[in-house]
Amino acid sequence: MRRVLQAAIGLSLIAAAADPALAQSSAQTASVYSALDLKKCRHTAGKDVEDYGEWSCAGYGGIGVYVSGGDQRSYVSYGPNAKKQPAAKQTLASFNGEGEKIEWRGERGADGALKPYATIMRWSTTVQGDADEPAKGQVLVVTRLGPGGVCHIGYVDARANTDANALAQKIADENARKFKCGADKPIVLGNKGPGFSGPYGD
């Protein structure tokens, strides 16, 4: 019986090595959370009136978080070269603001530590419409992490979908590791309400 069990384990390992998707599915997908408080980050002031400057913040597991702002819009990127990544120049079309919490989505290694491949952040939006009062909204922005580039890969209207968090996690889990920054188009899942805003320039 012991030899049969060892043989079965060996075959499973060979199959996982031959099929990356099988190996990936056996890993434990999970999330950890960290706060984003710009008051606790290192700030470099901007030079122009509508340039709010840059913030360097600490994220999960020593991953740096870069935030900049201007013209009532925010930009958020991650990693050692965050300022040079596509995400550092990506924002939403409407006036917006970054969130106060970051969800780090990834897989747990054999040591139990999470190895994140994406982040999910709830941005606030102000969408100018035909009505006298602009629509206020919240958009979950899903960003892939490097290597291979840091960029937005998807958006979910957090107010129009009761399962918004699950939809954002679905985007991260199914697309972050294969998404090609600059070539693939970000994904929008779920319903879109009046407060929803897609990417700037779209």
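The values are calculated or read from the model by the stated rules, or taken from the named source; none is laboratory data. Worth saying up front: this structure is predicted, and the values here are computed from it rather than measured. All Cβ positions, glycine included, derive from the backbone under ideal geometry; neighbour counts span all protein chains shown. Just so you know, the surface numbers come from the protein's heavy atoms only, side chains and all, with ligands and any DNA or RNA stripped out. Shrake-Rupley method; radii C 1.70, N 1.55, O 1.52, S 1.80 Å.
Give, as a single signed number, the net charge of other residues whose beta carbon lies under 12 Å from the beta carbon of GLU174, with Lys and Arg counted +1 and Asp and Glu -1.
With Lys, Arg at +1 and Asp, Glu at -1, the net is +4.
With a sphere of radius 12 Å drawn around the Cβ of GLY154, what net charge do the other residues whose Cβ falls strictly inside it have (Lys, Arg +1; Asp, Glu -1)?
After counting each charged neighbour, the total is 0.
Would you mind calculating the relative contact order of the chain from Cα pairs under 8 angstrom and at least 6 residues apart, reporting the percent as a whole number?
Relative CO of the chain lands at 16 percent.
Just flag the trypsin sites (Lys or Arg not before Pro) in the range 33-139 sitting in loop per DSSP whose Cβ has no more than 14 other Cβ atoms within 10 Å. Mind showing how you got there, number by number?
Values: sites: LYS39, LYS40, ARG42, LYS47, ARG73, LYS83, LYS84, LYS89, LYS101, ARG105, ARG108, ARG122, LYS136; in loops: LYS47.
Here the trypsin sites (Lys or Arg not before Pro) that fit, given the DSSP loop and packing criteria, are LYS47.
Could you provide, to the nearest whole Å², the per residue accessible area of the chain with probe 1.4 Å?
I get 58 Å² per residue for the chain.
Specify the angular offset, from 0 to 90 degrees and rounded to the nearest 10, of the alpha carbon long axis of helix 2-18 from the longest principal axis of the alpha carbons in the chain.
Result, in degrees: 40.
Which entry in (1) 82, 43, 39; (2) 52, 40, 34; (3) 74, 37, 29 matches Cα extents along the principal axes in Å derived from the coordinates of this structure?
Checked against the structure: label (3).
Considering amide H positions built from the backbone, and no H for Pro or chain starts, which residues 5 or more places from LYS115, or on another chain, come under 5 Å of its amide H?
Here the answer is GLU107, ARG108, GLY109, since their amide H atoms fall under 5 Å of that of LYS115.
Report, in debye and to the nearest 20, how large the dipole of the chain comes out about its Cα centre when Lys and Arg carry +1 and Asp and Glu carry -1 on their Cβ.
880
For the range 38-86, treating each Cα as an identical point scatterer without solvent, what Debye log10 I(q)/I(0) comes out at q = 0.24, 0.28 1/Å?
With one equal scatterer per Cα and no solvent, log10 I(q)/I(0) is -0.88, -1.09.
When each pair of different Cα atoms in the range 127-202 is counted once in the 1/r mean, what is the Kirkwood radius in angstroms, to one decimal? Before the final figure, lay out each step's value.
Details: mean 1/r = 0.0764 Å⁻¹.
The Cα-based Kirkwood calculation yields 13.1 Å.
Pull up all non-local amide H partners of THR91: gap of 5 or more, or a different chain, and H-to-H distance under 5 Å with H placed in the peptide plane.
TYR200
Can you pull out the GluC sites (Glu not before Pro) in the range 51-150 that DSSP calls coil and that have at most 16 other Cβ atoms within 10 Å? Don't jump to the answer; show the numbers that get you there.
Values: sites: GLU54, GLU98, GLU100, GLU103, GLU107; in loops: GLU98, GLU100.
Answer by residue number: GLU100.
Can you give the calculated 222 nm mean residue ellipticity of the chain, where each DSSP H run of n ≥ 4 adds -39,500 (n - 2.57) and the sum is split over every residue, rounded to the nearest 500 deg cm²/dmol?
Mean residue ellipticity at 222 nm (helix-derived): -5500 deg cm²/dmol.
Under a Cβ-Cβ cut-off of 9 Å, what is the net charge of the residues other than ALA30 that fall near it, where Lys and Arg count +1 and Asp and Glu count -1?
Around ALA30, the surrounding residues sum to +1.
Positive end of the charge dipole of the range 86-170 (Lys, Arg +1 and Asp, Glu -1 on Cβ, about the Cα centre): tell me which of THR143, GLN169, GLY112 has its Cα farthest that way.
GLY112
Rounded to the nearest percent, how much of the accessible area of the chain (1.4 Å probe, protein heavy atoms only) is carbon and sulfur?
Carbon plus sulfur share of accessible area: 52 percent.
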